[in-house]
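S.K.: I'd like to ask some things about the structure below.
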Amino acid sequence: MGHGCGMDIRAVRLEGTSMLPVFRAGDLALLDARFSGRDLVRGDCAAYETGGRTLLHRVTGTDADGVWFSDDAALLERHHAPWRAIRGKVLGGGPFSRGLPGFLYFTARTAALRALRALLPSGRAS
């Protein structure tokens, strides 16, 4: 896919709820698999492989060894994936799936969810 446009476009079917409401289970995410590390910035969404699965989460930073990720549901700890595990940068997905708008959305949403969980007896909020 993507012949002649300088991209290698791949599709990934999403599962799970860690990126609600930007991405939902069953959504098809299009990835630019021909990206460089300089193309990923805080707030972008990207896919990576770990434990035999392909996951899609929010980029919270990069370093020489790879990418730091977190989820929009504030359920996962910030985690690192090496560059060799990165499968692509999400194309589309609306304004909250990339760059500064995505990072601001992620920061506000995760802070609100963590505060709400601290107030609830069950510790659960979505």
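S.K.: How much FRET efficiency would the formula 1/(1 + (r/R0)^6) give for R34 and L100, where r is the Cβ-Cβ distance and R0 is 22 Å, rounded to 0.05?
M.R.: Once the sixth-power term is evaluated, E becomes 0.40.
S.K.: Any idea what the relative contact order of the chain is, in percent, if you count C-alpha pairs under 8 Å spaced at least 6 apart?
M.R.: Values: 248 pairs, mean separation 29.3, N = 126.
Relative contact order of the chain: 23 percent.
S.K.: Per q in 0.13 Å⁻¹, report the Debye log10 I(q)/I(0) for region 12-74, using one uniform scatterer on each alpha carbon and no solvent.
M.R.: -0.33
S.K.: What percent does the relative contact order of region 45-115 come to when contacts are Cα pairs within less than 8 Å and at least six residues apart?
M.R.: Dividing the mean separation by the residue count of region 45-115 yields 30 percent.
S.K.: How many nm is it between the label spots at L119 and D63, if each spot is 7 Å from the Cα in line with the beta carbon?
M.R.: It works out to 3.5 nm between the two label points.
S.K.: Which is farthest toward the positive dipole end of the chain among L113, V90, M7, measuring Cα position about the Cα centre, with Cβ charges +1 (Lys, Arg) and -1 (Asp, Glu)?
M.R.: In the chain, that residue is L113.
S.K.: What number in nm² do you get for the chain if you take the convex hull of its Cα atoms and divide its surface by four?
M.R.: Working: hull surface 31.9 nm².
With every direction weighted equally, the projected area is 8.0 nm².
S.K.: Moving to a separate point now. About the Cα centre, and with charges only on the beta carbon of Lys, Arg (+1) and Asp, Glu (-1), how big is the dipole of the chain? Nearest 20 debye, please.
M.R.: Its charge dipole is roughly 200 debye.
Values in this text are rule-based calculations from the coordinates and carry no lab data. Source: prediction; values computed, not measured. Methodologically, a virtual Cβ is constructed for each residue, glycine included, from the backbone with ideal geometry; neighbour enumeration extends over all protein chains shown.
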